[in-house]
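Q: If you scroll down you'll find the structure; I have some questions about it.
The values are calculated or read from the model by the stated rules, or taken from the named source; none is laboratory data. Treat the numbers as computed from the prediction; the structure is a model and nothing was measured. Quick reminder, even Gly has a Cβ in these numbers, built from the backbone with ideal geometry, and neighbours come from all protein chains shown. Please note that ligands, DNA and RNA were not included when accessible areas were found on the heavy atoms of the full protein model with its side chains. Shrake-Rupley method; radii C 1.70, N 1.55, O 1.52, S 1.80 Å.
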Amino acid sequence: SQKNSNEIFYPYTNLREINFNKVNSNLRNTILNKLKKKPKLKYKKKLIFLFANCPIDYLENFEFIKFLSKIIIAGRKFYCRVSHLDNEYFKNYLAFKKKKELYLDQHGGNFSFANENLYLNYDKIISKKIYFWDKINNKKYKSHFKSFKLSHNFKNISEKKYDVCYVLSYLKKYDFQNEYHENYDYNFKIEQLKNFFKYSNRSSKSVIKLAPNRYKFQLTISDMKKIGFKKNQIILKNSTLFKSKLLIFEHLSSLIFETRKENIPFIIILKKKNFFLSNEGKKILKIFKKEKILFESGKEAALHFNKIKSIENWWKSKSKIMNNIFYN
């Protein structure tokens, strides 16, 4: 309540899609028209781009969200996780709250891979403390590596039902770059997925793990079937990760870190230039590429693993490298 100034609040709801009022674009149009009429204005094209693409919640709806945030959120001490980035009401509330204490849980593995000028610097500014849990930040931030989110729920799974589990992130057909450490390249990712299954000799024993439904325009089972995949190839359960001999990630995901405790073999298929990497991230991906853990082509990855008879033995040969990156 408002009276209890020590209340801890967990903002975990994605509130970006809530709109109680009809959007009036007059303000945006007025700004754009004025910019267009100034031929000698410095950075004119960039300003026009900025205001043309500025999210509604930061322009037309800004004052409304500012007003409503004071009603639905109260207190001054908060602990929250990744989702504070999705909650525009919570961010607005914090921006105008003078005396506040925000304690943040790390955004999975992205802090290690992503350039510090993105997530980390922003979170340092708004928070009193950040709790890190992936290995790479241990030495610098004295944190402890714990793969706690997933592994403790699936300790007794020993059967490897699938040869490969192709793990998809919150893959969106359209997106206003809310994940600003990465360029969502939908067409590229779908193409690599299709090529891996086309050229892999393990396709009949492979599945695709879809992310939980969270965002608008996110890839669905129906979309996957239209692309050409069968319903029995598409899995939603997290337990699938622990029933697979090899995981394939198309994203520098938290799951890479969360599955390390169980030491599940993995590879990554992505386009390096689509990510805004930290120096640590560049170093890791360079090692992964050399060791044939990172690929930029689904076909290349499939053909490489067609030559490998035992994934288990292949992974054992990478144990020293994995230990150096994730556990030391």
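Q: Would you tally the residues in the range 267-292 being part of a loop (DSSP other than H, G, I, E, B) and touching a strand residue (DSSP E or B) at 6+ places or on another chain (Cβ under 7 Å)?
A: Of the residues in the range 267-292, 2 are part of a loop (DSSP other than H, G, I, E, B) and touching a strand residue (DSSP E or B) at 6+ places or on another chain (Cβ under 7 Å).
Q: A follow-up question, please. Criterion first (out of contact with any Phe, Trp or Tyr (no Cβ under 6 Å at 6 or more places or on another chain) and of a type outside the set (Asp, Glu)) does Phe78 satisfy it?
A: no
Q: Test each condition in (1) outside any loop (DSSP other than H, G, I, E, B); (2) more than 30 Å from Ser254 (Cα to Cα); (3) open to solvent by 30 Å² or more (accessible area, probe 1.4 Å) for Leu41 and report the one that comes out false.
A: Looking at each condition in turn, Leu41 falls short on (1).
Q: Which condition number in (1) without any contact (Cβ under 8 Å) to a residue 60 or more places away in the chain; (2) buried (at least 20 other Cβ atoms within 10 Å of the Cβ); (3) over 19 Å from Tyr162 (Cα atoms); (4) under 17 Å from the mean Cα position of the chain (by Cα) is the one that Lys272 fails?
A: Result: Lys272 passes all but (2).
Q: Within the range 275-293, how many residues are crowded, with 16+ Cβ neighbours inside 10 Å and under 20 Å from Gln192 (Cα atoms)?
A: Summing the residues that are crowded, with 16+ Cβ neighbours inside 10 Å and under 20 Å from Gln192 (Cα atoms) in the range 275-293 gives 4.
Q: Inside the range 83-100, can you point out the residues that are within 16 Å of Lys129 (Cβ to Cβ) and within 17 Å of the chain's Cα centre (by Cα)?
A: Once the filter is applied, which keeps residues that are within 16 Å of Lys129 (Cβ to Cβ) and within 17 Å of the chain's Cα centre (by Cα), the range 83-100 yields only His84.
Q: Given (1) farther than 15 Å from Val207 by Cα; (2) open to solvent by 60 Å² or more (accessible area, probe 1.4 Å); (3) touching a Phe, Trp or Tyr at 6+ places or on another chain (Cβ under 9 Å); (4) not small (Gly, Ala, Ser), identify the lone condition not met by Lys243.
A: (1)
Q: Out of the range 294-328, which residues are over 23 Å from Leu193 (Cα atoms) and in a helix (DSSP H, G or I)?
A: Correct list: Asn313, Lys316, Ser319, Lys320, Ile321, Met322, Asn323, Asn324, Ile325, Phe326.
Q: Whether any residue in the range 296-311 is free of Cβ contacts under 8 Å to residues at least 24 places away in the same chain and under 17 Å from Ala114 (Cα atoms) is what I want to check.
A: Scanning the range 296-311 turns up no residue that is free of Cβ contacts under 8 Å to residues at least 24 places away in the same chain and under 17 Å from Ala114 (Cα atoms).
Q: Starting from residues that are in a helix (DSSP H, G or I) and touching a residue at least 60 places away in the same chain (Cβ under 8 Å), keep the ones in the range 81-104 and report whichever is farthest from Tyr119 (Cα to Cα). So that I can check it myself, show each step before the final result.
A: First, pick out the residues of the range 81-104 that are in a helix (DSSP H, G or I): 82-85, 88-96.
Next cut, touching a residue at least 60 places away in the same chain (Cβ under 8 Å) only: 83-85, 88-90.
Working: Ser83: 13, His84: 12, Leu85: 10, Glu88: 16, Tyr89: 19, Phe90: 17 Å.
Within the range 81-104, the match that is farthest from Tyr119 (Cα to Cα) is Tyr89.
Q: Do any residues in the range 211-236 that are at pLDDT 95 or above have Cβ atoms under 6 Å from those of residues that are loosely packed, with under 11 Cβ neighbours inside 10 Å, where the two are at least six apart or on different chains, and which pairs are they?
A: Between residues of the range 211-236 that are at pLDDT 95 or above and residues that are loosely packed, with under 11 Cβ neighbours inside 10 Å, there is no close pair.
Q: Checking the condition crowded, with 20+ Cβ neighbours inside 10 Å and at pLDDT below 80, which residue from Asn110, Asn153 passes?
A: Asn110
Q: Going by the structure shown, is Ile264 in contact with a strand residue (DSSP E or B) (Cβ under 8 Å, 6 or more places away or on another chain), assigned to a loop (DSSP other than H, G, I, E, B), surrounded by 15 or more Cβ atoms within 10 Å (Cβ to Cβ) and of a type outside the set (Ser, Thr, Tyr)?
A: yes
Q: If I filter the range 113-124 for residues that are open to solvent by less than 50 Å² (accessible area, probe 1.4 Å), within 26 Å of Glu262 (Cα to Cα) and modelled with pLDDT under 75, do I get at least one hit?
A: No, that holds for no residue.
Q: Checking the condition modelled with pLDDT of 95 or more, buried (at least 20 other Cβ atoms within 10 Å of the Cβ) and among the hydroxyl-bearing types (Ser, Thr, Tyr), which residue from Ser200, Ser297 passes?
A: Going through Ser200, Ser297 in turn, just one is modelled with pLDDT of 95 or more, buried (at least 20 other Cβ atoms within 10 Å of the Cβ) and among the hydroxyl-bearing types (Ser, Thr, Tyr): Ser200.
Q: Please specify each residue of the range 286-316 satisfying the condition of being among the basic types (Lys, Arg) and on the phi < 0 side of the Ramachandran plot.
A: Going through the range 286-316, the residues among the basic types (Lys, Arg) turn out to be 286, 289-290, 292, 299, 307, 309, 316.
Hits for the range 286-316 are Lys286, Lys289, Lys290, Lys299, Lys307, Lys309, Lys316.
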